[in-house]
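Undergrad: First the structure, which I've put down as C-alpha cells, then a few questions once you've had a look.
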Amino acid sequence: MSNSRAASSEGERDSWLKWAALGIGVGAGGASLLVTATAALAAYFARRVVTPARVREQDLPILAVIRDGMDLQVVLPVTAETTVQGTYSLFFDGGAGHAVIGGIRSYVPREGTVTRDVLRMSGSDLAHAARGWWSSAVFAGPEDVGLTAEDVTIDLPVGPSPAWLFRAEPALSTWAIMVHGRGATRNEGLRAVRTAHDLGLNSLVVSYRNDGEAPAAGDGRYGLGATEWPDVEAAIDFAVAHGAKDVVLFGYSMGGAISLQVADHSRQRNIILALVLDAPVINWVDVLAHQAELNKIPAAAGRYGQLMLSHPLGRRLTGLATPVDLKSMDWVSRAVELRTPTLIIHSVDDDFVPYGPSAELATRNPEMVTFEPFSHALHTKEWNVEPERWDALVAAWLKPRLGRYDLPHGTEPAD
C-alpha cells in the first residue's frame, strides 16, 4: 500500500472510531461490530440528506397510452401519488418530454392500474415512452403559465444564476420571490406566479446553489437552508435594484426553511413583507426523524446521522464544508422569534414533511403565523389538488398587506 493510501485509510479509520466513541461508545466483539454498522448506516443516511441527485430517476413505468378520438389517456401503476385527484406533470425521456395529467378515468385495484387524462403534451411523444417521473410542477417552463417572462441573471455568492422575471402591469412596489424545494427546480414556483401577478406583484422565480441550474457550491452539498439563504438574499438585492420596495417570499418545502433563514439572518430582512410557505420544513430534527422511520432506519442510527450533520467531526463523512446547526432551524422552539407575517399551507397527510410543526408554530405564535390545513394532497401538492382554494387563500391573506408604498400618504390598504 502506498504512503498516501495508507494515510487515507488511517484517517478514515480514525474518523470512524471518533464517531463510534462520540455516538454510542465502543464495546468489544459483537458490540463493536454493532457500533460500526450503526455508524455506517448513520453516515449513509446523513450523506443522502445533503447530497443532490445528479440525474432524476425515471421511477414510474408508463404502461400504456390510449387515444380515444381527440382524447388521450395514460395507464400508470397504482401508487400513493398517481391515485390522488388533481393536476400533475409526467416528465419522460429524461425530461425532454412533458405531459400534464388530469383527472382519473378508471382505477382498477386488482390490476394495480390507474388511467388518467392527458391534458396536454410537449417535447417527446408520450406514446413512445416506457418510464418517467411524477411531479407537482405542472408548468414545465414559463411559456406554460400564459404570461410573458424575461430571462434574467442573478449574481449569487457562488456565481451567476438564471431566473425568470414576470412583470405585472400595473405593478406594485412589492415583488414576489419564488423559492423551490430540495430536489426540485425553479419551475416548482411557477404555480404561484399567476396569483402574484393578479395581485400586482412582479415575480422572480429563482435558482440556488446545487439545484442543477445555479452554480454548485464548493462542497456540492445542500445546507438545508443554512447555506442557501444568501442566494435568496441576492435575489432580494436584484429586486431592490430594479425598483422593489419590499418582497414576499414564497417557499416550498426546503424552500420554506430557506425563506425562514433569510427572514432570520439577511441584512434585507426588514424589507421582507411576508412569507407564504407551502409544506415548509419548520423543524429539521422532526423531518429527519420521520425520514429515518420511513426508510426503516433504526432510531439510534437516525439520531446519529443528525449528529453527523451538525457536528464538525461529521464533515469527513457527510461532505459538508461546515456543519448544519439543526437546532437554530427549529422554529417551533423559536416560535416567538419569528416576527415576519407568515402564511403556512400544509396538507395533514403530508408523507414527506409532517405538518405537525407547521400547526404548532401557528399555535405558539398566532400573532404572526396563519396555518391553513389541506387534505389528500401529500407533499407540496396542495395547489394541484385544490388550485382555486390555494389561489384564493393566498390572495385573501396577502391583499391587505400590500400597497403600503403605493398608496397616497395617510391611507392604509383596506381589509
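Undergrad: Roll a 1.4 Å probe over the protein chains and send me the accessible area per residue for the chain in Å².
TA: Solvent-accessible surface per residue comes out at 44 Å².
Undergrad: Ranked from highest to lowest mean number of other Cβ atoms within 10 Å per residue, what is the order of the peptides 399-405, 225-231?
TA: With the highest mean Cβ count within 10 Å placed first, the list reads 225-231, 399-405.
Undergrad: Based on the mean of other beta carbon atoms within 10 Å per residue, what is the order of 63-71, 378-386, most packed first?
TA: 378-386, 63-71
Undergrad: Give the shape of the stretch 34-185 as rounded, prolate or oblate, defined through the alpha-carbon gyration tensor: a ≥ b ≥ c are the square roots of its eigenvalues, a/c under 1.5 means rounded, and otherwise the shape is prolate if a/b is larger than b/c and oblate if not.
TA: Numbers: a/c = 2.25, a/b = 1.07, b/c = 2.10.
Oblate, since a/c reaches 1.5 and b/c is not below a/b.
Undergrad: With a ≥ b ≥ c taken as the square roots of the eigenvalues of the C-alpha gyration tensor of the chain, please select rounded if a/c is under 1.5 and otherwise prolate if a/b is larger than b/c or oblate if it is not?
TA: Here the chain falls in the oblate category.
Undergrad: Can you give the relative contact order of the stretch 183-335 as a percent, counting alpha carbon pairs under 8 Å and 6+ residues apart? Display every interim value, and only then the final one.
TA: Details: 188 pairs, mean separation 28.1, N = 153.
It rounds to 18 percent for the stretch 183-335.
Undergrad: May I pose another question? What does the extension gain come out to for SER106 and ASP351, with contour length at 0.36 nm per residue minus their alpha carbon separation?
TA: 85.8 nm
Undergrad: What shape does the stretch 108-234 take by its C-alpha gyration tensor, where a ≥ b ≥ c are the square roots of the eigenvalues and a/c under 1.5 counts as rounded, a/b above b/c as prolate, and the rest as oblate?
TA: On the way: a/c = 2.27, a/b = 1.36, b/c = 1.67.
Cα axes put the stretch 108-234 in the oblate bin.
Undergrad: Now, a different point. Given Cα pairs under 8 Å that are at least 6 residues apart, what percent is the relative contact order of the chain? Before the final figure, lay out each step's value.
TA: Working: 838 pairs, mean separation 55.2, N = 415.
RCO, the chain: 13 percent.
Undergrad: Report, in deg cm²/dmol and to the nearest 500, the calculated mean residue ellipticity at 222 nm for the chain, where each DSSP H run with n ≥ 4 adds -39500 (n - 2.57) and the sum is divided by the residue count.
TA: Here the helix-only value at 222 nm equals -9000 deg cm²/dmol.
Undergrad: Another question about this same structure. Return a whole-number percent for the relative contact order of the stretch 294-415, with Cα pairs under 8 Å and 6 or more residues apart as the contact set.
TA: It comes to 17 percent, rounded to a whole number.
The values are calculated or read from the model by the stated rules, or taken from the named source; none is laboratory data. As the structure is a computational prediction, the values presented were derived from the model and not from experiment. With ideal geometry, Cβ positions are generated from the backbone for all residues, glycine too; neighbour counts draw on all protein chains shown. To get the accessible areas, we keep the full protein, side chains included, count just its heavy atoms, and leave off ligands, DNA and RNA. Shrake-Rupley method; radii C 1.70, N 1.55, O 1.52, S 1.80 Å.
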